[in-house]
Amino acid sequence: MTDAHSDAADAPAKRLFIKTYGCQMNVYDSERMAEAMGAEGYVLTDRQDDADMVLLNTCHIREKASEKLYSDLGRLKPLKAERPDLKIGVAGCVAQAEGDEIIRRMPVVDLVVGPQAYHRLPAMVRGEAPAVDTEFPAEDKFDHLPPARSGHAATRRAPTAFLTVQEGCDKFCAFCVVPYTRGAEVSRPAARILTEARDLAARGVREITLLGQNVNAWHGAEGWGLGRLIRALAEIDGIERLRYTTSHPNDMADDLIDAHRDEPKLMPYLHLPVQSGSDRVLKAMNRRHTAEDYLRLIDRIRAARPDIVLTSDFIAGFPGETDADHAATLRLIERVGYGMAYSFKYSARPGTPAADRAGVDAGVADTRLQELQELLTRQQKAVQQSMVGRELTVLFEKPGRLPGQMVGKSEYLHAVHVTAPDAKPGELLRVLITASAPNSLSGALIEAA
Ligand code: SAH
Ligand code: SF4
Ligand code: F3S
């Protein structure tokens, strides 16, 4: 985040510190809030202790994630005692879920703003709007937030960017808070997405990751689905790579699968969470598909794009999960072969349907989580190792830790370290992969013939 500016040339800039927890959508939202506050004369700082305002953009997905907010607020108490003018704001999904309860529990907090009310943040900070706003307004917040350029067309951006195209969720998986914290599914209009993407391209962005809680449920006027949107985005000069996340198996339309075959700018990587390999558990989770449905879908995706790297999320110890259910999940993982996956121990979330169900013994859940992680780590290693000896294209992002080294991402989203003293961020260069480390690859530039 480097885009907040002070428009008020004379007044000394106020400093805004933002801490972002949770998913990529929060990262995107934090950037939008920084831009909105930039118009109010705030510039970003990476030092909390000299900030005029601290904004915590929170995540509610698991208990641990939301408890982080309270430990951070506890640490802010002495700072606020020293400098009562310091403004403390809480944004994001905990703000939505807990509202003014946060101020009751932590009086150091000045304002609470839910994810659908960010456009009102500047007025809240000026004291011209209520200090707690967790409404789901009828209007689209993105129509009121300043566009990405924020009046500073020349501002360069990193070569990769997120772009939210869809928000909210109507799926109501039994464990999940997102439908409550982010609200109903809303798709942004294609025209606005294309404008934002052109603007990003003009500012040096080469790779866009489309974001949505159910990104593949995106739909536009005239029956456009995400596949059609991706084809339109691929026509923008300067945009070389497209990705999207997170998808739901039930929304993988044929057109989107076809785009993986036909659209070279759509990268061969797909995060398609399945959560469990047991039909009984999938049913109890309200996922509305079976393990076999998912495996058949994976076959179709691989038929369209054989080299695609697949990733997923898994939950260990969902209420009612038996050893046999867990074994079915391990079998599904064996059958798919993932490039990477996140696995989480089930966390009961207030207000969700599964919250009242009798949980699995914590020790048992821990053991299952460990087994999932061992298998998934083995698969990740194997997929990374399979890249060694291959020639890939790397989009360079930034200098690495060693002198002359640059770091970028391959088509398959692996971080790649390359000695390339002349390469600039935003360049796409051919690289021979020479080695695989636990979480990255290394390679050597292939000299252009
Ligand atoms: N929209 C995405 C995921 C959103 S949340 C999807 O449909 O898959 C990201 C991940 O957090 C989920 O995929 C799930 O694995 C995990 N998660 C969500 N709620 C959880 C809970 N209550 N306990 C443990 N993990 C959870
Ligand atoms: Fe949560 Fe399920 Fe919606 Fe994903 S699809 S955000 S897991 S309710
Ligand atoms: Fe967390 Fe909200 Fe994202 S709960 S995962 S920040 S949608």
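Using a Gaussian network model on the chain with a 10 Å cutoff between Cα atoms, which of C23, C59, C93 fluctuates the most?
Among C23, C59, C93, the largest GNM mean-square fluctuation belongs to C23.
List the cysteines in the chain whose Cβ has no other cysteine Cβ under 4.7 Å from it.
When partners are defined as cysteine Cβ atoms under 4.7 Å apart, the chain leaves C23, C59, C93, C169 without one.
If you restrict to DSSP beta bridges whose two residues both lie in the range 144-386, what percentage is antiparallel, to the nearest 5?
The antiparallel fraction comes to roughly 10 percent.
Among V431, V281, what is the fewest-to-most ranking by other Cβ atoms within 10 Å?
Neighbour counts put them in this order, fewest first: V281, V431.
Is there a pair in K19/K87; K171/K283; K381/K409; K345/K409; K19/K171 whose C-alpha atoms are over 19 Å apart, and which pairs would that be?
Beyond 19 Å: K345/K409; K19/K171.
Would you calculate a helix-derived [θ] at 222 nm for the chain, using -39,500 (n - 2.57) for each DSSP H run of n ≥ 4 and dividing by the full residue count, to the nearest 500?
Value at 222 nm, helices only, nearest 500: -10000 deg cm²/dmol.
Taking a temperature of 20 °C and a viscosity of 1.002 mPa s, what whole-number D in µm²/s does Stokes-Einstein yield for the range 190-307 with Rh from Kirkwood over alpha carbon pairs?
142
Assigning unit charges at the beta carbon (Lys, Arg +1; Asp, Glu -1) and nothing else, what dipole magnitude in debye, to the nearest 20, does the range 194-237 show about its Cα centre?
60
Once amide H atoms are placed 1.01 Å from N in the peptide plane, what residues at a sequence separation of 5 or more from K171, or on another chain, have their amide H within under 5 Å of its amide H?
Result for K171 returns nothing.
Using θ = phi - 60° and the Karplus relation 6.51 cos²θ - 1.76 cosθ + 1.60, list the HN-Hα couplings for the range 174-185 in order, rounded to whole Hz, with x at every Gly or Pro.
These are the phi-based 3J(HN,Hα) values: 5, 9, 10, 8, 4, x, 8, 8, 10, x, 5, 4 Hz.
Label the range 375-449 by shape, choosing from rounded, prolate and oblate, from the square roots a ≥ b ≥ c of the eigenvalues of the Cα gyration tensor; if a/c is under 1.5 it is rounded, and otherwise prolate applies when a/b is larger than b/c, oblate when it is not.
The shape class here is prolate.
Could you give the nm distance between label points at D323 and Q373, where each point is 7 Å from its Cα heading toward the beta carbon?
2.2
Any aspartates and glutamates with Cα under 17 Å of the K141 Cα? List them, leaving off those in the same chain fewer than 8 positions away.
D29, E31, E35, D133, E167, E185, E196
Using only the Cα atoms of the range 259-323, each taken as one equal point scatterer with no solvent, compute I(q) by the Debye sum, divide by I(0), and report log10 of the ratio at q = 0.29 Å⁻¹.
Those come out to -1.24, one per q.
About its Cα centre, what dipole magnitude does the range 144-386 give when the only charges are +1 on Lys and Arg Cβ and -1 on Asp and Glu Cβ, stated in debye to the nearest 20?
In debye, rounded to 20, the range 144-386 gives about 600.
In whole Hz, with x marking every Gly and Pro, tabulate ³J(HN,Hα) for the range 249-254 from phi via Karplus 6.51 cos²θ - 1.76 cosθ + 1.60, θ = phi - 60°.
Those phi angles translate into x, 6, 10, 7, 6, 4 Hz.
Cut-off 10 angstrom, C-alpha nodes, Gaussian network model of the chain. Which of R75, R228, R120 fluctuates the most?
Result: R75 has the largest fluctuation of those listed.
5 Å is the cut-off here: which amide hydrogens, built 1.01 Å from N in the peptide plane, fall below it relative to A435, excluding neighbours closer than 5 in sequence?
Residues meeting the criterion, in which the H sits 1.01 Å from N, are S442.
Amide H neighbours of Y269 under 5 Å, counting only residues 5+ apart in sequence or on other chains, H built in-plane at 1.01 Å?
Hits under the 5 Å cutoff: V309.
Taking a cut-off of 35 Å, what percent of all Cα-Cα pairs in the range 144-386 are separated by more than that?
Cα-Cα pairs in the range 144-386 separated by more than 35 Å: 19 percent.
With +1 on each Lys and Arg Cβ and -1 on each Asp and Glu Cβ, how big is the dipole of the chain about its Cα centre, in debye rounded to the nearest 20?
700
At R0 = 51 Å, how high is the FRET efficiency between D258 and A358 if r is their beta carbon distance? Nearest 0.05 is fine.
E(calc), rounded to 0.05, equals 0.70.
Determine the shape class of the chain: with a ≥ b ≥ c the square roots of the Cα gyration tensor eigenvalues, call it rounded for a/c under 1.5, and otherwise prolate if a/b is greater than b/c, oblate otherwise.
Verdict is oblate for the chain.
Quick check on the range 58-123: take the gyration tensor over C-alpha atoms, sort the square-rooted eigenvalues as a ≥ b ≥ c, and tell me if it's rounded (a/c under 1.5), prolate or oblate.
oblate
Quick one: of the DSSP bridges fully inside the chain, what percent are antiparallel, nearest 5?
35
What is the Cα coordinate range of the range 4-142 on the first, second and third principal axes, sorted by size from largest, in whole angstrom?
Over the range 4-142, Cα extents along the principal axes are 44, 39, 27 Å.
To the nearest 0.05, what FRET efficiency results for R126 and D422 with a Förster distance of 41 Å applied to their C-beta separation?
So the FRET efficiency works out to roughly 0.30.
Values quoted throughout were computed directly from the atomic coordinates according to the rules given, and no laboratory measurement underlies them. These numbers come from a predicted model, not from an experiment. Cβ coordinates were reconstructed from backbone atoms using ideal geometry, including for glycine residues, and neighbour counts include every protein chain displayed.
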